[in-house]
1. If you take the residues in the stretch 253-265 that are among the aliphatic types (A, V, I, L, M) and modelled with pLDDT of 95 or more, which one is farthest from Ala290 (Cα to Cα)?
2. Checking Ser155 against (1) farther than 21 Å from Val62 by Cβ; (2) over 17 Å from the mean Cα position of the chain (by Cα); (3) among the polar types (S, T, N, Q), which test does it fail?
3. Which residue, of Ser330, Ser344, is polar (S, T, N, Q) and either at pLDDT below 95 or farther than 19 Å from Ile197 by Cα (or both)?
4. May I ask you to say which residue of Leu268, Leu184 is modelled with pLDDT under 90 and among the aliphatic types (A, V, I, L, M)?
5. When you scan the stretch 86-140, how many residues do you find that are over 17 Å from Met283 (Cβ atoms), in a helix (DSSP H, G or I) and among the β-branched types (Val, Ile, Thr)?
6. For the stretch 52-71, state whether one or more residues are crowded, with 16+ Cβ neighbours inside 10 Å, of a type outside the set (A, V, I, L, M, F, W, C) and in a loop (DSSP other than H, G, I, E, B).
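The values are calculated or read from the model by the stated rules, or taken from the named source; none is laboratory data. Note that the coordinates shown come from a computational prediction; the quantities given were computed from them, not determined experimentally. No Cβ is skipped: glycine too gets one built from the backbone with ideal geometry, and neighbour counts run over all protein chains shown.
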Amino acid sequence: MTDTKIKVLICCFPSDLSGVPSYVRQICTLDPDRFNITILTQSRGAAFTPEILPNNVDVICVEELRNSMSFGSLLTFRRALLRCVRAIEPDVLHLNGTMFAAAGRLISLPRGCRRIVTYHGVPFGPGLPLKQKLILLPLETVLLNASDSRNIMISKKDFKTISKFNLTRRKLDYVLNSAPAIRLSAFSEVRSEDGPIRIISVAVFRPQKDYELLLSSFGKLGPDYELLLVGRGTDGSEMRQLAETNAGAAALRRIKFMGERSDVPDLLAKSDVFVLTSRYEGMPIAALEALSAGMPIVMMDVGGAEEICSEGSGLIVHQRSPKAVANAISELSASLRDGTWDKSLSRTRHAMLFEECLFLNKMKRIYEDGN
């Protein structure tokens, strides 16, 4: 390997409704003397502002890109990619998101340029809409096996799913996301035995997150529980109506509709149990932050759950029922009340699997030599 800079073109949509922009921003912190990074996206949005990104990272915005599954949209993505690849001549083309992954596998690359695809959740996995599965399952199977791309999975569940369709045994990698560790004294304090258990869920209000299940589960818990709903849309009238319908009028008084917040680490530190009832996930950043804070975590059996909720760090709920979720919350709450919860197990797990340096070292090796 020479000492010249490696030119990396990272493609992703700027939606701040997912962990993809956070994933890309972490990669942008790689050594600027070794990597020359450019981001191709639809707009900077709140995800890629100059204040957030390192000074050496360039951003190319193509406003006509639309994150919708259609043949016309696929052609638009392909044209944008072709223009950028020809202009930049990257050594690495790193594709993130369904449309970029599909379009990026349909273009010819300069000699020596390597194609990398990161799956932020399986696009045809459990919990996804049937229409999306019917379109993407055959498309992804063909592209996975016909393309020369190196494919990165961010959870064991996704790795196992994609491996079933990897008929030609293309290179598959398993590279965990990372999240900064939360070390706040507020969480270290012994909780009041008389105070309510404070449940927190951090997720944007959309069907994927299955707030109906979360609220119905909360409705089955007693008056000694509170619920904090944090994320875009969680403070709106639609969410309040959903809460009244599913949790009940009596429980409504114990729910706080927080909306989108910039102080999520502080809210996590002042809460007791983290709950995520998503239908599908990649590797949820908020759950990783809760893990680093030592919080008990309840997750459904989705992407990332196996890594996050293991070895004393939480519980995975396999049945999508309010009773099952409520029972898991009650079980973890009991360990908080009787003082047997050991937050050091969660923090150790975060340090072993999700520290940023582990993620960056792996991506550095993949970018440099493909191994």
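1. Ile255
2. (2)
3. Ser344
4. Leu184
5. 2
6. Scanning the stretch 52-71 turns up no residue that is crowded, with 16+ Cβ neighbours inside 10 Å, of a type outside the set (A, V, I, L, M, F, W, C) and in a loop (DSSP other than H, G, I, E, B).
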